[in-house]
Amino acid sequence: MRSKIVAGNWKMNKNVTESKALAEELVSELSGVSLENTRVIVSPTFVNLTTVLAASEGSAVEVAAQNMHQEAKGAYTGEISASMLKSIGIKTVILGHSERREYFGEDEALLAKKVNAAMQTELEVIYCFGEVLEERKNNTHFDVVKAQISGALFHLNTAAWSNIILAYEPVWAIGTGETASADQAQEMHAFIRGLVADQYGAEVADNVSILYGGSCKPSNAEEIFSKPDVDGGLIGGASLVAADFAAVIKAI
Ligand code: PGA
C-alpha cells in the first residue's frame, strides 16, 4: 500500500535558531498524534539540515534536502552532491521544484541526471512538476505534465520507482493563495497515475505516492486529501508555522 506523505518545503526561510525551534515545535505538536501509514517530512535549507536532523531525532519527522547537484564530486563551486547529503543522514531530496525550473533554468534533461545521481546514491526523490497558468488556460496542462514526468523519470527501471514520490504542483497555485480545487487535483492525479500505469504497469502506479502542492493549508487540506489519488501534500507557506503544518498533517 502506498504511503500518505505530508512534506514541508521551507524554501529559503528560517535561520539556524528558527529552524531548530520550528522542528522542535513540530515534534511537540505531533507527540501523541497517531500517524498510521503517514510520513511527515520537513525540508530546511542545506545549512540547517544537520540541526533539524538532530532536533527531530527519535521522532516521526523525517528530513529532506531541497536540491542537489547531479555530479558526484569535483570543481562545482557552491554545489552539494547526493553522497554529501547521504553522509549526514539525509534519505530524501526534492528535485524539480518549479522555483528551480523558473529561477535556475532546470529542465527535464538536467533533472534526469539529478534523478540518476540520487538513485545511484540510494536517495529517495520527491519529483515536482506542474503547469503554469497559461498552459492551464490553453488546455495543454496534461501534455506539459506528461512531458515533465516522462522526460525526467521514464528512463528509470521498475525497481527505481520504489524511491520515487511524485508532487503535482500547479505553478499558478504556488504561494498565490489560489488552490486547485479538489476535483482539479484529483483529475490530474488520476491522469498521472494512468501515465505511470501505461509505462510501468498497475502495481508500480498503485504504489507511487502522488502529492499535491500549491497553497495547501489547514482550511483546504482535508478536502484535497480526501480524493482517492491524492496521497498527501507538499506544503510551502503553511509548513513554516508548526501549528498550521500539524493541522495539515492531522487533516490526512
Ligand atoms: P505553497 O508552496 O504551499 O506556499 O503554495 C508549495 C510549494 O512550493 O511546494
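Run the simple label-point estimate for Tyr76 and Ala243 please: 7 Å along Cα→C-beta, distance reported in nm.
4.2 nm
Applying a 10 Å radius around every beta-carbon, put 49-61, 68-80 in order of their mean neighbour count, most first.
49-61, 68-80
Given 0.36 nm per residue, what is the gain on full extension from Phe142 to Asn37 after removing their alpha carbon distance, in nm?
34.8 nm
Taking Cα pairs under 8 Å and at least six residues apart, what relative contact order does the chain come out at, in percent?
Averaging sequence separation for qualifying contacts and normalising by length gives 21 percent for the chain.
Regarding the chain, what is the average projected area of its C-alpha convex hull, in nm²?
Result: 12.5 nm².
If amide hydrogens are placed 1.01 Å from N in the peptide plane, which non-local residues have theirs closer than 5 Å to the one on Val42?
Long-range HN contacts for Val42: Gly8, Glu62, Val63, Ala64.
Which one, Ala190, Ala64, Ala221, has the greatest fluctuation when you compute a Gaussian network model over the chain with C-alpha springs under 10 angstrom?
Per the Cα network of the chain with a 10 Å cutoff, Ala190 tops the list.
Arrange Met12, Met119 by Cβ neighbour counts within 10 Å, fewest through most, would you?
Neighbour counts put them in this order, fewest first: Met12, Met119.
Just from the alpha-carbon atoms, what are the Rg and Dmax of the range 1-129 in angstroms?
Spelled out, the Cα radius of gyration and Dmax of the range 1-129 are 14.8, 47 Å.
Using helices alone, I'd like the mean residue ellipticity at 222 nm for the chain: each DSSP H run of four-plus residues gives -39500 (n - 2.57), total over residue count, nearest 500.
-13000 deg cm²/dmol
Which helices pass in the chain if a helix is a full DSSP H run, must span at least 27 angstrom along its long axis by Cα, and must have mean Kyte-Doolittle hydropathy not below 1.6?
What comes out of the filter, once short or polar helices are dropped, is none.
Would you mind checking the range 146-164 for residues with the amide N under 13 Å from a putative spin-label position 7 Å along Cα→C-beta of Asn116?
152-157
What FRET efficiency would be calculated for the residue pair Ser83, Ala190, taking the C-beta separation as r and a Förster radius of 45 Å, to the nearest 0.05?
0.80
Kindly write out, for the range 68-80 in residue order, the coupling ³J(HN,Hα) from the Karplus curve 6.51 cos²θ - 1.76 cosθ + 1.60 (θ = phi - 60°), rounded to whole Hz, with x marking Gly and Pro.
Per-residue couplings from phi come out as 6, 8, 7, 8, 6, 5, x, 7, 10, 3, x, 9, 9 Hz.
From a point 7 Å beyond the Cα of Thr50 in the direction of its Cβ, which residues of the range 77-108 have a backbone N at a distance under 14 Å?
Residues passing the 14 Å test: 84-90.
What ³J(HN,Hα) values, in whole Hz, does the Karplus curve 6.51 cos²θ - 1.76 cosθ + 1.60 give for the range 171-179 when θ = phi - 60°, with x put for Gly and Pro?
4, 5, 9, 7, x, 9, x, 8, 10
The numbers here are math on the coordinates, done by the rules we state, and not lab data. Fair warning: this is a prediction, and the values are worked out from it, not measured in the lab. So basically every Cβ, Gly included, is an ideal-geometry build from the backbone, and we count neighbours across all protein chains shown.
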